[in-house]
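The values are calculated or read from the model by the stated rules, or taken from the named source; none is laboratory data. This is a predicted model, so every value here is computed, not measured. Using ideal geometry, Cβ is built from the backbone for each residue, glycine included, and neighbour counts are taken over all protein chains shown.
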Amino acid sequence: MRVCLEASGNYSLDLALTLQAHRQVEISVINPRRARRFAESLGQRSKTDPVDARVLCEYAARMPWVAWQPPSSVALHLRETSALQILGELAVLPDMLDARQWVAFSGLDPRLFKSGKSVEKRPRISRGGSRHLRRALYMPALVALRRNPYLRCFYQNLLARGKARLQAAVAVMRKLLHALFAMFRTNQPYDGSKLCCAVDMAGNAIAACA
């Protein structure tokens, strides 16, 4: 039997682990955003549980099957015992993902809406990934944009360019996620100077943020 389900943080992981224990079951876990785009390609605009189930069934039948690989026992142990939910969410991700895929998993990737020259809406985050990771990143981002000189510089620069406060805060969340990705991959401690602008010893920005 083949089971196809959407990634939904702790819920999908627990279900996938339960199904994985049965050797007769093959599992594929797909990004909710990809499932939504597939539904739209079928002309399906409604989103209900029965509709989503039929869409996933069609996806499993038509698209190349990618078998789900369970996280390591170390990652699962960290998820169960760590008070740091961010690490618990990130530790179970596949090793082959890059930083942009981490951002997509968190649902913090921007979604553009533009048609011709007359219709262009303000970009919003996709919210297509783990809401648990987004929630876990929100408060650290608020603290960082006030206390971390590099990220505060980055945040203030976005405000000066006309970004709304919430947009700028979300950008800080993405910066933190990129920093975590680099720390995971290089096994190096956090270095804010690699994220954005230089600051003097008093914490004042002396160069423009990227």
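Below, the figures for the structure above:
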quantity	calculated
Selected residue (only one of 4, 57 is touching a residue at least 24 places away in the same chain (Cβ under 8 Å), touching a Phe, Trp or Tyr at 6+ places or on another chain (Cβ under 9 Å) and not charged (D, E, K, R))	4
Selection count where residues are hydroxyl-bearing (Ser, Thr, Tyr) and in a loop (DSSP other than H, G, I, E, B), scope region 8-23	1
Residues located in region 5-28, provided they are surrounded by fewer than 19 Cβ atoms within 10 Å (Cβ to Cβ) and in contact with a strand residue (DSSP E or B) (Cβ under 8 Å, 6 or more places away or on another chain)	12, 15, 19, 20, 25, 26, 28
Output for region 95-117, where each listed residue is surrounded by fewer than 13 Cβ atoms within 10 Å (Cβ to Cβ), at pLDDT below 85 and within 13 Å of the chain's Cα centre (by Cα)	none
Residue in region 50-69 that is at pLDDT 90 or above, within 21 Å of the chain's Cα centre (by Cα), closer than 28 Å to residue 85 by Cβ and of a type in the set (Phe, Trp, Tyr) present	yes
One residue from 135, 122, 127, 185 being modelled with pLDDT under 90, under 21 Å from residue 86 (Cα atoms) and not in a helix (DSSP H, G or I)	127
Candidates 166, 151 - the one that is among the hydrophobic types (A, V, I, L, M, F, W, C), in contact with a Leu (Cβ under 9 Å, 6 or more places away or on another chain) and modelled with pLDDT of 85 or more	151
